[in-house]
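Data block below; observations after.
The values are calculated or read from the model by the stated rules, or taken from the named source; none is laboratory data. Because the structure is predicted, anything quoted here is derived from the model rather than measured. Quick reminder, even Gly has a Cβ in these numbers, built from the backbone with ideal geometry, and neighbours come from all protein chains shown. These accessible areas exclude ligands, DNA and RNA; they are computed on the full protein's heavy atoms, side chains included. Shrake-Rupley method; radii C 1.70, N 1.55, O 1.52, S 1.80 Å.
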Amino acid sequence: MRYDRLRSVAGRVQTVVRDLAMQGESLLSWRDPRATSTLIVAIVLYVTLFQVVAVIAGLYLLRHPKFRGKQPSVPFNLYKRLPARGDMLIYSLVYTLVSHSELRLGLGQRCSQHSEAA
């Protein structure tokens, strides 16, 4: 009786392992690499603690320059190319001065046109 019970439990375990192997094969034969990598990242982030992910990301960002690539990352490159806040203040000041001087010149030209017409 114990032997039959052991056989039935082993059969269930074998069925579960077979089903897991079939699911794993279907994931490996999947042809979409972005979806596969997204699925793997989602599983890893779900399983690990947030502190561990934060420490690993911090160590990756603070790695030695010898282990970095020659080109800067895309977000850093974009941020580096943006104008500084001081430059933005200068640009806005110059724009304000130019727009006010154009208004004054435009009003002066209109006044001179009216006086010539009269």
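State all residues of the range 73-88 that are among the hydrophobic types (A, V, I, L, M, F, W, C), modelled with pLDDT of 80 or more and surrounded by 10 or more Cβ atoms within 10 Å (Cβ to Cβ); if no residue qualifies, say none.
Correct list: 76, 78.
At pLDDT 55 or above and touching a Pro at 6+ places or on another chain (Cβ under 8 Å), is that true of residue 91?
It is true that residue 91 is at pLDDT 55 or above and touching a Pro at 6+ places or on another chain (Cβ under 8 Å).
Which one of 56, 43 is assigned to a helix (DSSP H, G or I), out of contact with any His (no Cβ under 8 Å at 6 or more places or on another chain), β-branched (Val, Ile, Thr) and open to solvent by 100 Å² or more (accessible area, probe 1.4 Å)? Let's see the steps before the verdict.
Working: 43 fails: open to solvent by 100 Å² or more (accessible area, probe 1.4 Å).
After ruling out the rest, the residue left standing is 56.
Tally time: how many residues in the range 10-25 are of a type in the set (Val, Ile, Thr) and within 22 Å of residue 36 (Cα to Cα)?
Final tally of qualifying residues: 1.
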